[in-house]
Amino acid sequence: LTGNARNCFLTGSPDSYRNLIGKGLRCLLNVPNTEVYKNACHSWGRVCFQSSRPLGEKITSLQISSVGQLPRNFSAWNIQIIRSFRTSPSFQAAPVPLFWIIVKPAQKLLAIILGRSIRNWWKALPPNKRELFKESARKNKWKILLGVSSLGVLFVMFYFTHLEETPITGRARLLVFGKEHFRELSQMEYDMWMEEFKSKMLPETDVRYQVVERVVRHLSESNKDVPQVSALSWVIHVVDEPGVNAFVLPNGQVFVFTGLLNAVSDIHQLSFILGHEIAHAVLEHAVKKASLVHFLDFLSLIFLTMIWAICPRDSLAVVGQWIQSKLQEFMFDRPYSRTLEAEADKVGLQFAAKACVDVRASSVFWQQMELAETIQGQPKLPEWLSTHPSHENRADHLDRLIPEALKIRDSCNCPSLSGPDPRLIFKLNMQHLLELSKDQETLNSTKQDVSKTKLDFPHT
């Protein structure tokens, strides 16, 4: 979830929670260790808003402006950097039933109390009774092992009996909660967003709203053969916010910030981004993410109890609990989030291809993001620290998917792509940018040398 103050429902396993007073039941998730770094985006071009004609069935009526080309006044010195960009939220909707939202903090508290009670009970035992207890445990070690194994088998059976097939991709996924709960909670989050942005919503007569509405309608009509796409009613909301952001709730509510419209270079990039967000809703990623997180949280209660029972002091138990939460986050939560992002990229690219979009622009978008991050001087941190793939890896992944997407585009009888590959245009522009940068550095160094010479030899 992006933005300066975005409210979301409890889905992960952070330790600090608090209630948010307002309309309906909503919770604020305080994550002390969120994304380690911020993504960056820059505004090179503008979406062409001159035409008010409908999209129609082919991309030729989209009124494309400068396919993949940079503006004429592009240079290394006038790139507008827009910070904190993420094309999709980490959690798109209220992902757990309200009962578990209330109970989840109590579960951890009970596990801590139980573990601490076991530790205090063991310390209070006389030495002779401790030895008797250890001797009894050694005699019944096979029974204890059988009980632990049975518990493990139950968890494995629960996992495999709750696997379902992901629509479109066919990948197995874990579903713990019913979809009807998510529809109700998605409506609650929708009401929350509408309350927050009620004074910033663009009217339907605004040309920016009309462009977004045409793109979404064109994507949905071109993919109406997908049952999950045709089953949802896509409702557009364009928010007058400078942040570069877009997200789609599981109930089909589409939110696009005007900052995103200013950041994309052409209509093809906008179509791919919205296709990516629609894919999140169609693939029910909010349900999948919440199911896995809840399953892991339930397992972690056992380890949490053991940590507080084994550690001799509370301070060590707190450190052990923090290590356990970080291991879960970096070994399971974040890798799974990156997997969902890659899956949404793949399906979103297919949606865009069936809508006759120039899918090659998708790779260019992330290359632009990588360039913006480099110009801004942000350090390149390892990908495992993020919930999203890095810009470079994302562009490479899309480059590998583009040939297949082009075949899908041809099978839909789309008009042939005219003009050069936008990826080639971007590469040439980058080379030109580097040459200009080197020339500027040479010029600056020459001026500095001349200035030093005048200082050393004032008579000249």
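Once backbone amide H atoms are built at 1.01 Å from N, residue 166 has 171, 172, 173 as its partners under 5 Å, excluding neighbours fewer than 5 places away on the same chain. Using the Cβ-Cβ distance between residue 157 and residue 310 with R0 set to 35 Å, the FRET efficiency from 1/(1 + (r/R0)^6) comes to roughly 0.80. Sequence-ordered 3J(HN,Hα) estimates for the stretch 211-224 from the Karplus curve with 6.51, -1.76 and 1.60 and θ = phi - 60° stand at 5, 4, 4, 5, 5, 5, 4, 5, 5, 5, 5, 6, 10, 5 Hz, glycine and proline given as x. Stretching residue 172 away from residue 200 to a fully extended chain increases their span by 6.1 nm, per 0.36 nm per residue minus the current alpha-carbon distance. Computed with every protein chain present, the accessible area of residue 427 is close to 120 Å² [probe 1.4 Å].
With θ taken as phi - 60° and the Karplus curve 6.51 cos²θ - 1.76 cosθ + 1.60 applied, the whole-hertz 3J(HN,Hα) list for the stretch 372-386 is 4, 5, 5, 5, 6, x, 6, x, 8, 8, x, 5, 5, 7, 10 Hz, x standing for glycine and proline.
Karplus-based coupling profile of the stretch 103-116, in residue order and whole Hz: 7, 4, x, 5, 4, 5, 4, 5, 5, 5, 5, 5, x, 5, with θ = phi - 60° in 6.51 cos²θ - 1.76 cosθ + 1.60 and x standing for Gly or Pro.
If you take the Cα centroid of the stretch 235-305 and the Cα centroid of the stretch 147-171, the two points sit 26 Å apart. Remark: accessible surface ordering of 199, 265, 230 (largest first) is 199, 230, 265, probe radius 1.4 Å.
Ordered from highest to lowest accessible area with the whole protein assembly present and a 1.4 Å probe, 278, 310 read as 310, 278.
Rolling a 1.4 Å sphere over the protein heavy atoms, what is the accessible area per residue of the stretch 253-346, to the nearest Å²? Walk me through the intermediate numbers first.
Numbers: 2810 Å² over 94 residues.
It amounts to 30 Å² per residue over the stretch 253-346.
Note on residue 322 and residue 129: their simple-model spin labels are 3.5 nm apart, each label 7 Å out from Cα toward Cβ. How many angstrom separate the Cα center of the stretch 111-143 from the Cα center of the stretch 336-405? Result: 53 Å between the Cα centres.
With a 1.4 Å probe and every protein chain left in place, work out the accessible area per residue of the stretch 141-244 in Å², rounded to a whole number. Walk me through the numbers on the way to the answer.
On the way: 6060 Å² over 104 residues.
Each residue of the stretch 141-244 exposes 58 Å² on average to a 1.4 Å probe.
Computed in the context of the full set of protein chains, the accessible area of the stretch 167-224 at 1.4 Å probe radius has 49% of its extent on carbon or sulfur.
Between the DSSP loop rule and a limit of at most 16 other Cβ atoms within 10 Å, which trypsin sites (Lys or Arg not before Pro) in the stretch 385-417 are left? Provide the component values of the computation, followed by the final result.
Details: sites: 394, 400, 407, 409; in loops: none.
Listed in order of number, the matching sites amount to none.
For 166, 305, the ranking by accessible surface with the largest value first comes to 305, 166, using a 1.4 Å probe.
Rounded, prolate or oblate: pick one for the stretch 303-386, where a ≥ b ≥ c are the square roots of the eigenvalues of its C-alpha gyration tensor, a/c under 1.5 means rounded, and failing that, prolate if a/b is larger than b/c, else oblate. Judged from the Cα gyration tensor, the stretch 303-386 comes out oblate (a/c at least 1.5, b/c at or above a/b). In this structure the amide hydrogen of residue 245, modeled in the peptide plane, comes within under 5 Å of the amide hydrogens of 257, 259, 260, none closer than 5 places in sequence on its chain. For the stretch 131-201, trypsin sites (Lys or Arg not before Pro) meeting the loop criterion (DSSP other than H, G, I, E, B) and having at most 14 other Cβ atoms within 10 Å: 171, 198, 200.
The values are calculated or read from the model by the stated rules, or taken from the named source; none is laboratory data. Since we're looking at a predicted model, the values are computed, not measured. Ideal geometry is used to build each Cβ from the backbone, glycine not excepted, and the neighbour counts take in all protein chains shown. Keep in mind that these areas ignore ligands, DNA and RNA; they rest on the heavy atoms of the full protein, side chains included. Shrake-Rupley method; radii C 1.70, N 1.55, O 1.52, S 1.80 Å.
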